[in-house]
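A short worksheet on the structure shown next.
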Amino acid sequence: MQSCDLIVVGAGPAGMAAAIRSAELGMTTVILDEQEGPGGQIYRAVSSVPKRRAEILGKDYLAGSELTDTLANSGARHLNQATVWRIEADGTVAWSKDGAGRCMRGKCVVIATGALERPMPIPGWTLPGVMTAGAAQILLKQSGVTPQQAVIAGAGPLLYLLAQQLVRAGQPPLALVETRAPGALALAARHLAGALRGWRYLVKGSGMLAEIRRAGVPRYTGGTALQVEGDEAAQAFIFEHRGRRRRVECRHVLLHQGVVPNIQATRALGVEHVWDPAQRCFTPRLDPWGRTSNPAIYVAGDGGGIGGAHAAEHAGRLAALSVGLALGALPQADFDRESQTLRAALQRELAIRPFLDALYAPMPEILRPADDTVVCRCEEVTAGDIRRYSSAGCIGPNQTKAFGRCGMGPCQGRYCGLTVTEILANANGMAHQDTGYYRIRMPLKPVTLGEMAAMVSVLEGQDA
Ligand SMILES: Cc1cc2nc3c(=O)[nH]c(=O)nc-3n(C[C@H](O)[C@H](O)[C@H](O)COP(=O)(O)OP(=O)(O)OC[C@H]3O[C@@H](n4cnc5c(N)ncnc54)[C@H](O)[C@@H]3O)c2cc1C
């Protein structure tokens with residue numbers, strides 16, 4: 001089997017920064033990503049974006065081309081359209097590309113697989129025409145497609161960004177319904193000192209809101225009792241606002257309730273995880289350089305805790321430095337000096353997070369939805385079903401699989417895992433940490449028998 005010093009999984013800001021720094025240190029480096037080009041979620045398709053689309057997506061998006069260009073000239077080997085489906089504790093990574101399986105062993109692995117959008121189960125969220133705000137952004141970045149007659153609903157800065165981009169694309173949303181609770185600003189104000197250190201983000205946010213306002217998009221804050229109405233597809237978005245029930249006819253509903261770390265790979269590896277009460281999600285337990293409880297496996301970027309693209313870059317470089325120290329590519333004194341500067345920069349980036357976490361805290365009705373709301377979309381398990389499992393003695397998400405196949409569909413729990421933890425923790429009066437999460441199994445992504453059969457040739461030493 002081929003081997004190298006470092007395998008990086010994910011070519012977003014964290015993975016690109018890790019691979020670039022690793023290659024600079026002279027380590028043999030391979031970076032894998034399932035997308036057509038590097039960039040991750042924020043800079044998706046930035047190397048090939050047409051001019052008009054670039055104008056819509058804005059200058060923060062275009063700034064990503066600096067990283068993608070540096071990666072291209074770094075000496076790290078970038079394999080695109082490579083879907084990783086297995087990572088082993090000894091650093092062996094398996095992926096599919098061009099219809100064939102491949103595998104390689106890294107002395108160390110940096111998992112930089114980013115974030116997923118938090119599940120937002122509301123009545124009607126499984127209807128055609130309903131998707132996440134991030135999914136709508138992927139359509140826009142990748143293909144220049146914009147949803148028409150859309151309502152955007154939920155919480156978090158990504159909502160404003162998407163609304164702004166739809167305005168620029170000539171398809172302003174019909175309404176922006178924010179679920180931020182009326183008291184959230186007062187709670188968030190306790191973290192104002194940190195927020196002021198991240199004043200650039202505040203300025204950017206108010207600029208986006210001003211552009212949305214100028215475009216005449218109706219904005220409602222404090223929306224509750226959210227619901228999508230429709231028989232065959234979404235026809236209207238219904239919500240309560242200041243005691244009044246409102247109904248907006250629409251063809252698309254774009255839901256978003258913040259992002260959470262994508263922990264599928266680290267869970268499958270069995271490394272330690274902890275519950276983060278501020279971001280209401282599990283994160284892998286990491287040392288200051290991103291190393292997990294397995295010394296060969298690192299996590300960088302949003303996959304280790306939500307911090308945004310700039311924080312992800314710093315975390316990627318820190319992980320590469322730590323790998324460099326471990327593999328003898330970097331003297332201790334250089335490591336100390338560089339990592340100190342990077343850690344200070346990372347702390348500056350993260351200073352605004354407690355403010356944002358408090359301001360855009362997920363609403364209780366999506367954390368613990370009403371009984372008849374579908375939670376596990378793949379197996380059609382409702383919130384009421386999970387509460388019934390709890391009454392019958394079910395204490396953790398893994399057991400819900402035995403009770404009703406919850407989490408056993410093709411999404412492998414990505415869409416329902418956190419909701420199941422929240423409902424069970426609440427119903428059983430247990431801590432989230434003790435309630436736990438699904439036991440995730442490899443393969444992380446679907447793989448065909450043909451791809452696995454073709455893998456034999458690589459094991460015999462052919463080119464990856
Ligand atoms: C849908 C979505 C849209 C977002 N849009 C924005 C935005 O416009 N602006 C903004 O500021 N923030 C955005 N964010 C937040 C933003 O993604 C992060 O703050 C930042 O990009 C994190 O960088 P990262 O390197 O940790 O992860 P990411 O940028 O998410 O990169 C992770 C990479 O890992 C790859 N990957 C994951 N699993 C596998 C696998 N099994 N095999 C191979 N490759 C894999 C993905 O294809 C992706 O390229 C978005 C988040 C999401 C979920």
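Numbers below:
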quantity: Which listed pairs, of 59/107; 97/141; 141/445; 51/204, have C-alpha distances above 31 Å, in listed order; calculated: 59/107
quantity: Vicinal HN-Hα couplings computed from phi for segment 100-105 (Karplus, 6.51 cos²θ - 1.76 cosθ + 1.60; Hz; Gly/Pro x); calculated: 10, x, 9, 8, 7, 10
quantity: Using a Förster distance of 51 Å, the FRET efficiency for residue 103-residue 241 (Cβ separation, nearest 0.05); calculated: 0.45
quantity: For segment 142-168 and segment 312-355, distance of Cα centres in Å; calculated: 34
quantity: Mean separation of Cα contacts under 8 Å (6+ apart) over length of the chain, as relative contact order %; calculated: 20
quantity: Amide H within-cut-off set for residue 282, under 5 Å, with H built and near neighbours excluded; calculated: 276
quantity: Amide H contacts of residue 115 (H built 1.01 Å from N, under 5 Å, at least 5 apart or other chain); calculated: 262
quantity: Part-to-part distance (alpha-carbon centres) for segment 273-296 and segment 5-59, which is given in Å; calculated: 23
quantity: 3J(HN,Hα) from dihedral phi, segment 112-118, Karplus parametrisation 6.51/-1.76/1.60, rounded to Hz, x for glycine, proline; calculated: 10, 8, x, 10, 10, 6, 4
quantity: Likely footprinting exposure, 415, 160, 220, fewest C-beta neighbours within 10 Å first; calculated: 220, 160, 415
quantity: Rounded to the nearest 20 debye, dipole of the chain from Cβ charges on Lys, Arg, Asp, Glu; calculated: 1100
quantity: Packing-based exposure ordering (other Cβ within 10 Å, fewest first) of 451, 240; calculated: 240, 451
quantity: Segment 245-265 and segment 67-140: distance between their alpha carbon centers, rounded to Å; calculated: 20
quantity: For residue 253, distant residues with modelled amide H under 5 Å away; calculated: 130, 131, 151
quantity: Neighbour-count order for 269, 255, fewest beta carbons within 10 angstrom listed first; calculated: 269, 255
quantity: Using θ = phi - 60° and Karplus 6.51 cos²θ - 1.76 cosθ + 1.60, couplings along segment 84-99 (whole Hz; Gly, Pro as x); calculated: 7, 10, 8, 10, 9, 4, 8, x, 7, 10, 10, 8, 10, 8, 6, x
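We did not get these values from a lab; they are worked out from the coordinates using the rules stated. Quick caveat: nothing in here was measured; it's all calculated off a predicted structure. Counting neighbours? That spans all protein chains shown, and the Cβs are built from the backbone with ideal geometry, glycine included.
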